[in-house]
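Each remark here refers to the structure printed beneath this line.
Each value in this text was obtained by applying a stated rule to the coordinates, not by laboratory testing. Predicted model only: the values in this text are computed from it and were never measured. Note that each Cβ is placed from the backbone with ideal geometry, even for glycine, and that neighbours are counted across all protein chains shown.
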Amino acid sequence: MTATAPNIPAAELAGRHRERIERATTLLGRIAAPGGSASDKTAILGTLNDLGLELATSGAECGLLSEVHPDAAVRAAAEEIVREVTRFATELQQHRGLYEVLGGLDERSLDDLERRLVFLQRRDMKRSGVGLGEQERQRVRDLRQELVAIGQAFARNIRDDVGSIEIDPADLAGLPEDYAKAHPVGVGGKVRITTDYPDYIPFMSYAKSGAARQALMLVSNTRAVPVNLEVLDRMLARRHELARILGYPTYADYATEDKMIETAKSAHEFIERAYDATIQAGAAEVKRLQAMKRREGPPGAEELCDHEVTYLTERVKAEELAFDARAVRPYFEYGRVKEAILELSGELFGLGFTKVDEQLWHPSVETYDVAVDGAHAGRISLDMFPRDGKFKHAACFGYRPGVGGKQLPHYVLVCNFPDPSAQSGPALMEHREVVTFFHEFGHLVHSIVRGQVPWVRLGQVAEWDFVEAPSQFLEEWIFDYGVLRRFAKHVETGEPITEELVQRLRAARDFGRGVFVQRQLFLAAISLEYHDRDPQDLDTTKLLFELAERYSPSKVDPASRFQASFGHLEGYTAAYYTYMYSKVLAADLGTAFTNGLMDLEQARRYRDLVLAPGGTKPAAMLVKDFLGRPFSFDAFRDWLAPKPGE
């Protein structure tokens, strides 16, 4: 098994990468060069697998380090390596000799996994232009190289731009006491609030000052402006050119072809279908938010604005549903939440976590060995707190892909939660941050348990629009009293959370669901529409506001340019609809837990039938294996339906 690399200088990182590329080059020669030694399916596919492992390991490690390493030189070196891996991978996918070798394998000699492996590999190669002329293949290679650099610049500009506002101490009114203590008055008698999540999320939820909330949201929604508006234009232009060369009308058609959704037309239809399911609940929720706005005053426009939605939602929950989110914060101290997630994942999925002393890229990173049913199965790391130059959202990154019999997986959770070392008191989390923690940890669980798939290509998630389903499914556990009572104890009194408070939490959770989904579908429409047209004369800001008129439940600030910091446009491209599509799947998966969420038999079935197979089967088949039927839209529609009293 390959050991995890220590924290190393940029030159050593580059040196190790060069060794991997050299090994990959040698392996490719064995498969496809005239007179190559690979003469049977075992040698061909085995050698291709070893080659894929070299590239996947290099790409994962450097993709992660480019987002989290505190040394700018290492981040820059890692970005360069990712570009080099992309170049090699594109040349590999266009290698006609390899394509012909794979096409020449006798299908009768292949088992089911080998047959799927060959099918997917050849499909990937077609989508990379293996059948094009040399001039066109070269242009595809150039475009993919350029797109990697553009995407890195887009992400870097977001990562490096932390905005802030200076407010009067009086504008902290409404914020929890621990938040106010963590934001003392500074030079000039002002208090600084940043766009980093631990600052931003509570402020937008509780600050009574609408003007301060509006100012902070505008700073957040104009990050990386104007540079990323120009970068985005180049990104869309190059993606469209790439799609046209490869034979697709638009990049959206290209991006959806290998997903569960299959076509851009189907993605549009899904967004409309999902939006229709929100209309009744969304309208009722907006009406209640507007009524709360009138009561809060001062008198003025009734129109619901973006910077008001979260605050007014919390006010409705507090006044009408008897639930104040600030009341549950003392039950969610970061360290206790972390231990609870490890314990729950262990019980549900048969995992064991043993903390190990391993020096990685930052002293705050914690690492654990993971066992599945008692057998060592890989490693996870938690990089959980904000710092300069670090990825600003929450995500699960690969560090080392797992391949059965060759290499154990190592995956990393990267978040931006309150840092205990930076607090004057306990690091308390918003409940929504706890939900995020559970969600992202679901990706870790998925990554570890599928780490025994023997083929690199099949160890990936089956289709990308399925990728969020397992994590969204796991979110449900953090609203369950049987789960919460285990660890949610008041940070001062030690008293466990009461069932009555959890019942109010669950009731409050249902309010705002329609508005939330409409917002997500607005973002999905932006992602899809930006990529489903010739971008030559596209004004991304104009289109954003046109889509806001159609989908957004609240008014977007006319000065906003949030597409410049919409990081998913780089990673998810046209497929941000994935979040809601996966939610449809997650809601349906939940219907199998008829005996409650702590049904360990069902949890293990879910682990073995949905998570562990990775990409060895199409995602729709994984869901069917678990549910005993094809997936349905019904549970999602029921989830969105207005609840009694709305």
Inset, instruction - Convert 37 °C to kelvin, take the viscosity as 0.692 mPa s, use the Kirkwood radius over C-alpha pairs of the stretch 502-552 as Rh, and evaluate the Stokes-Einstein diffusion coefficient in µm²/s, rounded to a whole number. - result: 261 µm²/s
Inset, instruction - Quick one: which residues, 5+ away or cross-chain, put their amide H under 5 Å from the amide H of Arg533? H built at 1.01 Å from N. - result: Tyr251, Ala252
Legend entry - Degrees between helix 306-320 axis and first principal axis of the chain (Cα, 0 to 90, nearest 10): 60 degrees
Inset, instruction - Using label points projected 7 Å from each Cα along Cα→Cβ, tell me how many nm separate Arg244 and Gln290, to one decimal. - result: 4.4 nm
Inset, instruction - Please report Tyr275, Tyr311 as a ranked list, fewest other C-beta atoms within 10 angstrom at the top and most at the bottom. - result: Tyr275, Tyr311
Inset, instruction - For the stretch 44-101, report the convex hull volume of the alpha-carbon atoms normalised per residue, in Å³, without decimals. - result: 58 Å³
Inset, instruction - Measure out, as a whole number of angstrom, how far apart the alpha-carbon centroids of the stretch 296-339 and the stretch 234-286 sit. - result: 32 Å
Inset, instruction - Please give the direction-averaged projected area of the C-alpha convex hull for the chain, in square nanometres with one decimal. - result: 28.5 nm²
Legend entry - For the stretch 395-408, 3J(HN,Hα) per residue [Karplus equation, 6.51 cos²θ - 1.76 cosθ + 1.60, θ = phi - 60°, Hz, x = Gly/Pro]: 6, 9, 10, x, 10, 8, x, x, 9, x, x, 10, 7, 7
Legend entry - Approximate spin-label separation Ser364-Ala180, in nm, with each point projected 7 Å along Cα-to-Cβ: 2.5 nm
Inset, instruction - May I ask you to list the residues of the stretch 280-316 whose amide nitrogen lies under 17 Å from a point 7 Å from Cα along the Cα→beta-carbon direction of Phe633? - result: 280-282
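If you rank Val286, Val483, Val185 by fewest surrounding Cβ atoms within 10 Å, what's the result?
Numbers: Val286 18, Val483 21, Val185 12.
Exposure proxy ranking, most exposed first: Val185, Val286, Val483.
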Legend entry - Placed amide H near Lys555: partners under 5 Å, 5+ positions off or other chain: Leu304, Cys305, Asp306
Inset, instruction - May I ask you to evaluate 6.51 cos²θ - 1.76 cosθ + 1.60, the Karplus curve with θ = phi - 60°, for each residue of the stretch 629-636 and list the ³J(HN,Hα) values in order in whole Hz, giving x for glycine and proline? - result: 7, x, 5, 10, 7, 4, 5, 5
Inset, instruction - Please order Cys415, Cys62 by the number of other Cβ within 10 Å, starting at the fewest. - result: Cys415, Cys62
Inset, instruction - Determine the distance separating the Cα centre of the stretch 386-400 from the Cα centre of the stretch 125-166; give it in Å without decimals. - result: 20 Å
Legend entry - Degrees between helix 134-160 axis and first principal axis of the chain (Cα, 0 to 90, nearest 10): 30 degrees
Inset, instruction - Over 19 Å between C-alpha atoms is what I'm after, so list which of Lys392/Lys555; Lys287/Lys542; Lys287/Lys555; Lys208/Lys338; Lys126/Lys259; Lys583/Lys624 land there. - result: Lys392/Lys555; Lys287/Lys542; Lys208/Lys338
Legend entry - Whole-percent pair-distance distribution, where bins are 10 Å wide, for the alpha carbons of the stretch 582-646: 21, 48, 24, 6, 1
Inset, instruction - Provide the descending list of Cα extents for the stretch 162-205 along its principal axes, expressed in whole angstroms. - result: 25, 24, 14
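Summarise the long-distance tail of P(r) for the stretch 512-646 by giving the % of C-alpha pairs beyond 28 Å.
35 percent
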Legend entry - For the stretch 474-487, Karplus couplings with θ = phi - 60° (6.51, -1.76, 1.60), whole Hz, Gly/Pro x: 5, 4, 4, 5, 7, 10, 9, 4, x, 7, 5, 5, 6, 9
Inset, instruction - Over every pair of different alpha-carbon atoms in the stretch 330-511, take the mean of 1/r and invert it; report that Kirkwood radius in Å. - result: 17.3 Å
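Sort 618-625, 493-500 by packing, meaning the average of other beta carbons within 10 Å per residue, with the highest value first.
Details: 618-625: 18.2, 493-500: 12.2.
Put in order of decreasing packing, that is 618-625, 493-500.
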Legend entry - Under 5 Å, built H, 5+ apart or other chain: amide partners of His410: Arg379, Tyr399, Arg400, Gly402
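Compute the FRET efficiency between Glu549 and Ser424 as 1/(1 + (r/R0)^6), taking r as their Cβ-Cβ distance and R0 = 56 Å, and round to the nearest 0.05.
Efficiency for this residue pair is about 0.80.
Full extension from Thr591 to Glu91: what is 0.36 nm times the residue separation minus their Cα-Cα distance, to one decimal in nm? Provide the component values of the computation, followed by the final result.
Working: separation 500, 0.36 × 500 = 180.00 nm, distance 4.48 nm.
Fully extending the segment from Thr591 to Glu91 adds 175.5 nm.
Can you give me the Kirkwood hydrodynamic radius for the stretch 398-480, using every pair of distinct Cα atoms, in Å to one decimal? Intermediate results must be reported in sequence, preceding the final value.
Numbers: mean 1/r = 0.0693 Å⁻¹.
Over the stretch 398-480, the inverse of the mean reciprocal pair distance is 14.4 Å.
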Inset, instruction - State the dimensionless ratio Rg/Rh of the stretch 209-319 (Rg: radius of gyration of Cα atoms; Rh: Kirkwood radius). - result: 1.13
Legend entry - the chain, helix-only ellipticity at 222 nm - DSSP H runs n ≥ 4, -39,500 (n - 2.57), divided by all residues, nearest 500: -17500 deg cm²/dmol
Inset, instruction - Given the peptides 287-294, 420-427, 146-153, arrange them by the average over their residues of other C-beta atoms within 10 Å, most packed first. - result: 146-153, 287-294, 420-427
Inset, instruction - Report, to the nearest 10°, how far helix 499-510 tilts away from the longest principal axis of the Cα atoms in the chain, using its own Cα long axis and a range of 0 to 90°. - result: 70 degrees
